[in-house]
């Protein structure tokens, strides 16, 4: 494709693409003629990745260049994971996305249908608090709603054979685990917890535990998926 088509498909100005080429973060294309270059389909994805790293992680091109070089050594599954996280995990949203008031506003922000919003609220996967007679959804609820929509769109929903009640089971398990594992701490510090705002240490511990659960679940899903794939390959031989 020509540079003009590449700019149109990526939404990135031609001047910016030329800058990527000069800085070496985007490889130079093959020449079709003296003054004409041929940009293959892979350039579209590469530019999206570069822009995602700039816009979502605020990284300079010198760092992005090192990241892309390192990605070439990764396995296909690791590359796929990298592309997904670059597209969907956007730190900026943590600063810009706040509480959302009202079910219609929540549905508009997440794309979740009214039927599934009701179901997820019944299962306490999504939990709004009532303020001035209106449901108010937290930042975490908004992100969970978007993830549910993306999972279904990518082929991991009820129509694909995934049991949605697993969401309730996961939510119940984690809620009970958090409640039981930290009950002693809460009881021994009840007076202080009631009388003041959470300390910096308490907030840090909370975020560390959240990251622990995220990475543990991610690790276990990856390991179980590989184990299942290897087992199926063995049975097929």
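Laboratory data are not the source of any read-out in this text; all were calculated from the coordinates shown. Quick caveat, the model's predicted, so the values are computed rather than measured. Cβ: placed from backbone, ideal geometry, glycine included. Neighbour counts: every protein chain shown.
Values computed for the structure shown
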| read-out | value |
| --- | --- |
| Modelled FRET efficiency - R0 45 Å, residue 205 with residue 114, Cβ distances, 0.05 increments | 0.75 |
| Shape category assigned to segment 3-83 from the gyration tensor of Cα positions, a/c cut at 1.5 | prolate |
| Average projection area in nm² (convex hull over Cα atoms of segment 197-237, one quarter of hull surface) | 2.6 |
| Overall form of segment 144-183 per C-alpha gyration tensor (a/c, 1.5; a/b vs b/c) | prolate |
| Computed P(r) (all Cα pairs; segment 1-135; 10 Å bins; percent) | 10, 30, 24, 18, 13, 4, 1 |
| 162, 43 arranged by Cβ crowding within 10 Å, fewest neighbours leading | 162, 43 |
| Against the rule of thumb 2.2 N^0.38 Å, how large the Cα Rg of segment 103-183 comes out | 1.15 |
| Tilt relative to the chain, helix 165-188 - C-alpha long axis, 0 to 90 degrees, to 10 | 60 |
| Value of Rg/Rh across the chain [Cα atoms, Kirkwood radius] | 1.04 |
| Degrees, to the nearest 10: 76-88 long Cα axis against longest axis of the chain | 70 |
| Cα long-axis angle, helix 42-57 against the chain (0 to 90 degrees, to the nearest 10) | 40 |
| Cα gyration tensor category, rounded, prolate or oblate, for segment 104-237 with a/c compared to 1.5 | oblate |
| Exposure proxy order (Cβ contacts within 10 Å, fewest to most) of 215, 18 | 215, 18 |
| Residues 25, 44 arranged by fewest to most Cβ contacts within 10 Å | 44, 25 |
